[in-house]
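Report on the structure given below.
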Amino acid sequence: MLQAKTEYGNIITLASFTKEEISVLKEQTQFFCPACQKPVIVKAGSKTIPHFAHRSKSECPALEGGEGPYHEKGKLLLYQWLKHQHLDVRLEEYLPAISQRPDILIKLKHKTVAIEYQCARIASAEIITRNEGYYREGIVPIWILGANRFSRRKRNELKMDQFQLHFMHQFSTDFPLTLYFFCPNSLRFISFQDLYFTALQRATGKMVIRKLNEMVFTDLFKASLFPKQQLFQLWKQEKRLFRIRPSRRVYGRELAWNQWLYLNSVHRESLPSVIYLPVSAQFRMKTQPWDWQSRLCLEIIYPLAAGETFSLQQCMHLLRHHFRDSTSFPLIKSAANPIHQYLQLLQQLGIIRETSPNYFTKENPIKFYKHIEAALDGDAQLIERLVKQNMGMIRE
Ligand SMILES: [Zn+2]
């Protein structure tokens with residue numbers, strides 16, 4: 001921790017003193033943990049940000065997970081950045097009501113924001129508990145990940161593991177999904193917004209990388225959208241790879257899906273183009289987009305004759321084991337359903353029509369392909385159609 005209390009009750013931020021001052025302080029003053037009141041020791045080596053540490057693994061309710069110098073440095077830089085903007089900001093303030101100590105607390109006129117700068121992996125349960133604590137106190141939590149967890153695949157694509165899913169923010173139902181990263185060494189702040197999962201562990205979205213000193217606190221709440229044109233163009237490439245990717249050794253759910261295809265006498269290359277489309281709520285699923293979308297198409301829509309109907313309920317039942325636990329997304333405000341979003345796309349493509357809320361009538365057949373070339377052409381045409389429809393929507 002960066003702060004401690006002196007024997008006189010003053011809070012001291014060690015990093016704001018020079019080396020000489022620190023060695024004097026160390027001789028003359030006793031320091032105590034503001035949360036548990038136990039004595040703490042000064043750590044001021046040449047390579048780390050000067051900080052305090054408990055003497056032993058005590059039972060301090062605010063004991064940090066020992067995240068190391070990268071974390072301490074980032075926390076201090078974020079704190080100083082906010083302080084320069086004349087905000088009422090506190091470093092490591094202990095909140096006794098919830099036994100939590102956010103890295104940074106910001107008191108605004110009408111709300112309080114807690115910033116957690118997270119560089120190490122922690123248990124899901126821990127993330128959920130901390131968020132619940134903040135919500136109970138009416139505090140808005142913002143989690144900023146250490147850029148040590150930032151793994152870029154392409155210009156607008158990140159590799160995202162299950163751990164990172166917990167840190168997607170959506171401050172209101174119409175706010176785009178947002179993930180933040182900060183690197184204390186390069187001083188770069190990254191916002192990854194309006195993200196769409198192209199596969200279970202890959203997401204594409206709008207990436208904005210800025211120097212911390214070129215932005216202000218309120219920039220965190222700005223929505224930057226990923227242009228739909230760009231999304232669809234990228235999706236065209238993803239679909240192509242999906243078709244032509246040689247089948248490697250697969251296991252787990254991917255193997256189960258391959259077996260399901262086999263049982264239905266279908267090949268990946270012959271699947272209809274409406275399978276594997278972008279839906280923003282894909283993050284709620286624990287199976288690949290092509291997996292659940294193909295099951296829905298083949299098992300529910302394909303067997304129907306034109307004019308016959310089915311319900312969202314039926315689809316939800318079919319895919320009930322494909323959903324992740326909803327508690328995995330403590331920072332997300334909307335309850336957007338990936339299945340419903342997908343059905344909306346199928347409606348846009350003229351396959352089905354929502355005749356009454358959550359009831360759909362089949363309008364046109366779903367076509368399978370005989371050759372990979374025809375499938376690739378079909379995919380490209382379908383994406384072009386979505387692009388055009390989307391342009392139309394923007395002009396109106
Ligand atoms: Zn303590």
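Read-outs throughout are calculated quantities, based only on the coordinates presented, and are distinct from any laboratory measurement. In this text the structure is predicted, and so the values were computed from the model without any measurement. So basically every Cβ, Gly included, is an ideal-geometry build from the backbone, and we count neighbours across all protein chains shown.
Numbers for the structure displayed
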read-out	value
Loop-located trypsin sites (Lys or Arg not before Pro) in the range 358-387, at most 15 other Cβ atoms within 10 Å (DSSP)	Lys367, Lys370
Reachable aspartates and glutamates, given that their alpha-carbon falls under 14 Å from the alpha-carbon of Lys211 and they are not under 8 places away in the same chain	Asp219
Under the Karplus curve 6.51 cos²θ - 1.76 cosθ + 1.60, θ = phi - 60°, whole-Hz ³J(HN,Hα) for the range 358-369, x wherever Gly or Pro sits	6, 10, 10, 10, 6, 10, 9, x, 9, 9, 9, 10
Options Pro330, Ala4, Ile122, ranked by Cα towards positive dipole end of the chain, top entry (Cβ charges)	Ile122
Extension reserve of the Arg153-Leu304 stretch, reckoned as 0.36 nm per residue once the Cα distance is removed	50.3 nm
The range 64-226, relative contact order [Cα under 8 Å, separation at least 6], %	17 percent
Hits among aspartates and glutamates - C-alpha to C-alpha of Lys228 under 19 Å, sequence gap 8 or more where chains match	Glu157, Asp174, Asp194, Glu238, Asp379, Glu384, Glu396
The chain - Rg (one decimal) and Dmax (whole number), Cα, Å	25.6, 86
Full-extension gain in nm, Ser172 to Arg353, via 0.36 nm per residue minus C-alpha separation	62.3 nm
Exposure proxy ranking, count of Cβ atoms within 10 Å, fewest first, for Lys5, Lys154	Lys154, Lys5
Normalised contact order of the range 183-309, rounded percent, pairs of Cα under 8 Å and 6 or more residues apart	27 percent
Lysines whose Cα lies under 22 Å from that of Lys370, excluding same-chain neighbours fewer than 8 positions away	Lys236, Lys239
Separation between Cα centres of the range 196-272 and the range 25-60, rounded to whole Å	46 Å
Approximate spin-label separation Gln381-His317, in nm, with each point projected 7 Å along Cα-to-Cβ	3.5 nm
Too-long pairs where the Cα-Cα distance tops 32 Å, listed order kept, from Lys19/Lys206; Lys154/Lys286; Lys107/Lys154; Lys286/Lys367; Lys19/Lys154; Lys73/Lys206	Lys19/Lys206; Lys107/Lys154; Lys19/Lys154
Estimated dipole of the chain in Debye, rounded to 20 [Cβ of Lys and Arg +1, of Asp and Glu -1, Cα centre]	820 debye
Percent RCO, i.e. relative contact order, over the chain, from Cα pairs under 8 Å lying at least 6 residues apart	12 percent
Likely footprinting exposure, Trp257, Trp235, fewest C-beta neighbours within 10 Å first	Trp257, Trp235
Residues Ala336 and Ala223, FRET efficiency given R0 of 25 Å [Cβ-Cβ distance, rounded to 0.05]	0.95
